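Below: the structure, in C-alpha cells.
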Amino acid sequence: MKSLDQKLAAIHADPHGCREFILADAKDADMAFGIGAPGLSPERHDSELKYKTLAEYRAQIRQIIKQGVVDIVLMSTSTSEQLTIREKLFEHSHVTPATRANDATDVHIPRGGKVHLEAAQPFRTASIDHMQCGHLDCSDDERSIGSSLGLYSVTFNNQLETDLETLNQYNEFRAEAERKGFRHFLEVFNPNLPDVVSPEQTPQFINDVIARTLAGVATAGRPVFLKIVYQGPQAMEELVRYDPHLIVGILGGSAGTTYDAFKMLAEAQKYGAKVALYGRKINNAENQLAFIEFLRHIVNGDISPEEAVRAYHAVLEKLGVQPHRSLEDDMTLQTNVMSYAGSGKTISAPAPSKAKVSTSGSSSETNVANSAPDFSKMSSEERLAFHRERLKRTLG
C-alpha cells in the first residue's frame, strides 16, 4: 500500500488526533515556466543565464523517488509517462505518482508573457487517459499502469462569467474522473486579479468558495485533499473545523528563504493542515534531499524550524555545498505568495537563538547516532548532532 493511502485512512479515522502528515514534491513546473522550470544550472556561466535541462530535472526526481521521504511526486504528464509508465519507478515504491490534470491560464508564465495577468480561464492540456496509460482510450486493465491521481487547479476572481466557466469545467472533469477511476486533489489559488476581493477578506472568500464548490459533490467525486495558500491560523482553523474530513494542504509558492519554508510548514501543521506541497522551495534548495529530510523531521516533531535551518546549514557545510545565503540571512521570514506567479515580501521575524552547532564529531554525536533516539529527552544540540550524522550517512 502507498504511504499516501495509509495516511489518508489514518487521518479520516481520527481527524483531530492523528499526527500523520503528507509531504509532496511538486515537480510540475514545466507546466508553467517552460525552459526555466528545472531551475538555474549550478555551474557558473559568466555573462549568461543557463538553466538545468529537462534530463537533469528528471534525474532529480529519480533521486527523490529513491530517497522515499515524500509521499507524492507531482509531475507533468510527459514526465510521468517517462518515469511512471516507461521506467516503472513507482512500481515498488511507497511514493505515489501524481500529474497536473489541468493548466488554467494563470499558470501560463513564459518569459515576457502577460496571459497570467488576466483573469484566469480554465484550460486542460492533459487527458485522463494519457495520465493513466499513455494513450487515448485506455482499456480497464491499463488504467493502473500510469498515474491515477491528479492535481486540478481553480482560481476564482469574483466575476460571474469566468467563475461560472471555471465551475462548469471542474464539474466536467469530476464526472470524467469518477467514470475512469481517477482521483484528484483540488488546488484553489487566491484571485490572480487585484482588488476583486479586499486583502482582509481574501481568506474568508477562499474558505467560502471551497465550502460552496464542494457542498454539492458526493464522496465519490470529492478531492482527496486540498492545496491552498496558507492564509494564517484563523483561516486554517476555520476551514479545518468546518469539515474535519476535508483534508487541507498548503502550497509552497516562491522559493524564499529556508526559514520561510520550514516555519510556514510548522505553522500550517500547528493549526490543522495535514499536507504540504512544496515545489520551488524544494527545487531551488542547495541540496534537495537534505531539505526534504528536514521537512519530514519538522512535521514529525523531531526538530523546530529554527533548529532545522541551523542544522541544514551545518549539513551543507559538511557536504561542501555553498549556501545561497548566509545563515543570518536564511533566517529571514517572508510572506507566502498569493498566486503561482507572485513574489513574497520580506518581513521581520524574531531573532533565532544563538545555540552553537558543533561539527567536531564529539562523543555526544556518536552516542546519539548509534542509539534509538528519544527526542523528548535530548537537548537542541543533541538533536542537531543526530540529524547531522543521519544525513551524513544518507547523503554521503
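Within the option set VAL229, VAL209, VAL197, VAL275, being touching a Leu at 6+ places or on another chain (Cβ under 9 Å), surrounded by 15 or more Cβ atoms within 10 Å (Cβ to Cβ), farther than 27 Å from ARG325 by Cβ and touching a residue at least 12 places away in the same chain (Cβ under 8 Å) holds for one residue only, VAL275. For GLU165, indicate whether it is out of contact with any helix residue (DSSP H, G or I) (no Cβ under 7 Å at 6 or more places or on another chain) and either free of Cβ contacts under 8 Å to residues at least 60 places away in the same chain or not in a helix (DSSP H, G or I) (or both). So GLU165 passes the test.
Per-residue answers, yes or no, for (1) at pLDDT 95 or above; (2) surrounded by fewer than 13 Cβ atoms within 10 Å (Cβ to Cβ):
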{"residue": "ALA13", "(1), (2)": "yes, yes"}
{"residue": "CYS18", "(1), (2)": "yes, no"}
{"residue": "LYS27", "(1), (2)": "yes, no"}
{"residue": "PHE33", "(1), (2)": "no, no"}
{"residue": "GLU43", "(1), (2)": "no, yes"}
{"residue": "TYR51", "(1), (2)": "no, no"}
{"residue": "ILE64", "(1), (2)": "yes, no"}
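For region 78-92, the set of residues classified as within 26 Å of LEU295 (Cα to Cα) and touching a residue at least 40 places away in the same chain (Cβ under 8 Å) consists of THR79, SER80, THR84, listed by residue number.
One line per residue, one yes/no per condition, for (1) at pLDDT below 95; (2) farther than 15 Å from ILE11 by Cβ; (3) hydrophobic (A, V, I, L, M, F, W, C):
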site: TYR242; (1), (2), (3): no, yes, no
site: ILE247; (1), (2), (3): no, no, yes
site: SER254; (1), (2), (3): yes, yes, no
site: GLY272; (1), (2), (3): no, no, no
site: ILE282; (1), (2), (3): no, yes, yes
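Within region 3-44, which residues are in a loop (DSSP other than H, G, I, E, B) and more than 18 Å from ILE61 (Cα to Cα)?
Let us first name the residues in region 3-44 that are in a loop (DSSP other than H, G, I, E, B), namely 14-21, 28, 32-33, 37-39, 41-44.
Listed by number, the residues that qualify are ASP14, PRO15, HIS16, GLY17, CYS18, ARG19, GLU20, PHE21, GLU43, ARG44.
The criterion of at least 2 residues that are in contact with a helix residue (DSSP H, G or I) (Cβ under 8 Å, 6 or more places away or on another chain) and among the hydrophobic types (A, V, I, L, M, F, W, C) is met by the following helices (runs of 4 or more DSSP H) wholly inside region 246-331: 258-270, 288-299, 305-319. Here region 278-292 is the region considered, the condition is being within 14 Å of the chain's Cα centre (by Cα) and of a type in the set (D, E, K, R), and the residue that is surrounded by the most Cβ atoms within 10 Å (Cβ to Cβ) is LYS281.
Can LEU136 be described as among the aliphatic types (A, V, I, L, M) and surrounded by 15 or more Cβ atoms within 10 Å (Cβ to Cβ)?
Values: among the aliphatic types (A, V, I, L, M): yes; surrounded by 15 or more Cβ atoms within 10 Å (Cβ to Cβ): no.
When the stated conditions are applied, LEU136 does not pass them.
Answer yes or no as to whether LEU83 is over 17 Å from the mean Cα position of the chain (by Cα), of a type in the set (A, V, I, L, M) and either within 23 Å of ILE22 (Cα to Cα) or modelled with pLDDT under 95 (or both).
Numbers: over 17 Å from the mean Cα position of the chain (by Cα): yes; of a type in the set (A, V, I, L, M): yes; either within 23 Å of ILE22 (Cα to Cα) or modelled with pLDDT under 95 (or both): yes.
Considered against the rule, which asks whether it is over 17 Å from the mean Cα position of the chain (by Cα), of a type in the set (A, V, I, L, M) and either within 23 Å of ILE22 (Cα to Cα) or modelled with pLDDT under 95 (or both), LEU83 comes out as yes.
When GLU172, GLU81 are screened for being buried (at least 16 other Cβ atoms within 10 Å of the Cβ) and in a helix (DSSP H, G or I), only GLU81 passes.
Looking across region 105-124 at every residue that is over 24 Å from the mean Cα position of the chain (by Cα) and more than 17 Å from ASP30 (Cβ to Cβ), the one that is surrounded by the most Cβ atoms within 10 Å (Cβ to Cβ) is identified as ALA119. Residues SER148, SER153: which one is under 27 Å from PRO191 (Cα atoms), among the hydroxyl-bearing types (Ser, Thr, Tyr) and either in contact with a strand residue (DSSP E or B) (Cβ under 8 Å, 6 or more places away or on another chain) or surrounded by fewer than 18 Cβ atoms within 10 Å (Cβ to Cβ) (or both)? Going through SER148, SER153 in turn, the sole match is SER153. Using the structure shown, decide if ASP208 is closer than 27 Å to GLU161 by Cα, of a type in the set (Asp, Glu) and at pLDDT 95 or above. Spelling it out, ASP208 is indeed closer than 27 Å to GLU161 by Cα, of a type in the set (Asp, Glu) and at pLDDT 95 or above.
The values are calculated or read from the model by the stated rules, or taken from the named source; none is laboratory data. Note that the structure is predicted; figures quoted are calculated from it, not measured. Every residue, glycine among them, receives a Cβ derived from its backbone with ideal geometry; neighbour counts consider all protein chains shown.
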